[in-house]
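The values are calculated or read from the model by the stated rules, or taken from the named source; none is laboratory data. Fair warning: this is a prediction, and the values are worked out from it, not measured in the lab. Using ideal geometry, Cβ is built from the backbone for each residue, glycine included, and neighbour counts are taken over all protein chains shown. We work out accessible area using only protein heavy atoms, side chains counted, and drop any ligands, DNA or RNA first. Shrake-Rupley method; radii C 1.70, N 1.55, O 1.52, S 1.80 Å.
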Amino acid sequence: MRVLILSCNTGEGHNSAAKAIGAQLEAQAVEYEIVDALAFISEKVSDFICGWHVKIYQHVPVLFNIGYRVEEIASPRPKDTSVLYRFLSKGAENLYEYIQKGRFDRVVSTHAFASLIMRRVKQDHPDAPNQVFVATDYTCSPFVAECQADMYMIPDEKLMSEFLRCGIARERILPTGIPVREVFHSPRNKEISKEALGLPRDKRIALLMCGSMGCGPIRQLTRELIDRIPKDTVLVVICGHNKKLYEDMQALAQRENFRAVGYTKQMPLYMDAADLIITKPGGLSSTEAAAKRLPMFFINAVGGCEGRNLEFYRGNGLACGADSVKVLVKLVLAKLETPGALERMRKALEKNFPHHGAKEISDYVLTKM
């Protein structure tokens, strides 16, 4: 069996989900490929769409949020053919040829754009393989219903009614959880992780980050927290690819209760060492923290689908969150100063996140499609 995984470069979350599924397939000796679906239209189109998505997301989050909300209001139903669908259909023939040449038996899409192209492939070529759509946010995002996937893998049972309201048939929905790498499902060893990272073993660790791009109000959060966190707590700021942020954080480098880290591939280890994480509610990053049973405090820095993620976690008592820095800092300090508060948050995550998304999705693709 050969599996084609279609992703898009509009943020690392979709690619990360694709890689997590691929790793599970590889563990079962199944051949797979991960491909940028937009490249089947053209490389220039892919670069243009993904480049502007990242720029707006990072530099004009208000515009990103407004655009997302407008799309939600006019979100297409399953039988609709939106302007976006007709545009993306330009890549259908190239994708079909790729599937035929590669002799792929199954298709998995981790982005709605990819799934929409695959819908046109299936429309024009009934012999094309079935496709599974994997949701990577805690909501039924715009254009998801229009994909007409053979199966929808959704993040949680609590979202079933939302996907049904979007017009997707119940028999096509399976709660599996969002796929994250196996390392995030591994048991935590806090003491060993602290030692490996050079962090004090006798201190609590509060992680602060806002994605690989280092966006959001990290500087303001740092200023508000650095002088107010308890003496037994160290604030570790992950700056990601944001070199200017990392340089700015060096002004605090001499403080005993502070560490600044640039881009790192050791996020699982930092989560193992941490007692809590302050971050934006990305679909993948929140699922990684949930799999680690790490108490989460969300800042609604971008809005859009991440605003829906925040609503899901906060509405189900699984995380704390706020739209303002000052409110969020108060929430963090209150939990740090209340005995047992973080442990109760950890236990809530343990109870409410039973899924292993990557494994459940790969098992379905291999045995039930």
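For the reader, a short list of remarks on this structure follows.
- Taking packing as the residue-averaged number of other Cβ atoms within 10 angstrom, the listed peptides 314-321, 121-128, 94-101 run from highest to lowest as 314-321, 94-101, 121-128.
- A probe of 1.4 angstrom, applied to the heavy atoms of all protein chains, finds residue 192 with accessible area near 110 square angstrom.
- Shape metrics for segment 1-147, restricted to C-alpha atoms - Rg then Dmax, Å: 15.1, 45
- Residue 181 accessible area, 1.4 Å probe, all protein chains in place, Å² to nearest 10: 110 Å²
- Taking amide H as placed 1.01 Å from N in the peptide plane, the amide H of residue 276 sits under 5 Å from that of 205, 207, each at least 5 places away or on another chain.
- Estimated vicinal HN-Hα couplings, Hz - segment 75-81 in sequence order (Karplus 6.51, -1.76, 1.60; Gly, Pro = x): 4, x, 8, x, 8, 6, 10
- For residue 310, neighbours were defined as the other residues whose beta-carbon sits under 12 Å from its Cβ, and their charges (Lys and Arg +1, Asp and Glu -1) total -1.
- Order of exposure, largest accessible area first, which applies to 2, 86 with probe 1.4 Å: 86, 2
- With DNA, RNA and ligands ignored, accessible area of residue 45 (1.4 Å probe; Å², nearest 10): 30 Å²
- Each part reduced to its alpha carbon centroid, segment 228-278 and segment 160-216 end up 18 Å apart.
- Cα-based shape type of segment 77-234, given that a ≥ b ≥ c are square roots of the gyration tensor eigenvalues and the cut on a/c is 1.5: prolate
- Listed by chain and number, the lysines whose C-alpha is less than 30 Å from the C-alpha of residue 335, apart from same-chain residues fewer than 8 away, are 158, 190, 194, 203, 231, 265, 280, 292, 326, 347, 351.
- Residue-wise HN-Hα couplings along segment 145-153, as the Karplus relation 6.51 cos²θ - 1.76 cosθ + 1.60 with θ = phi - 60° gives them from phi, are 4, 5, 5, 6, 5, 6, 8, 10, 8 Hz; Gly and Pro carry x.
- Estimated FRET transfer efficiency (residue 123, residue 34; beta-carbon r; R0 22 Å; 0.05): 0.40
- Where 70, 134 fall by accessible area, highest first, once all protein chains stay in place (1.4 Å): 70, 134
- Amide H contacts under 5 Å for residue 233, placed H, 5+ residues apart: 204
- Couplings 3J(HN,Hα) of segment 279-290, computed from phi: 7, 8, x, x, x, 6, 5, 5, 5, 4, 5, 5 Hz, in residue order, whole Hz [Karplus 6.51 cos²θ - 1.76 cosθ + 1.60, θ = phi - 60°; x for Gly and Pro].
- Built amide H within the under 5 Å cut-off of residue 132, gap 5+: 107, 108, 109
- Aspartates and glutamates with Cα under 16 Å of residue 368, excluding same-chain neighbours fewer than 8 positions away: 105, 150, 171, 360
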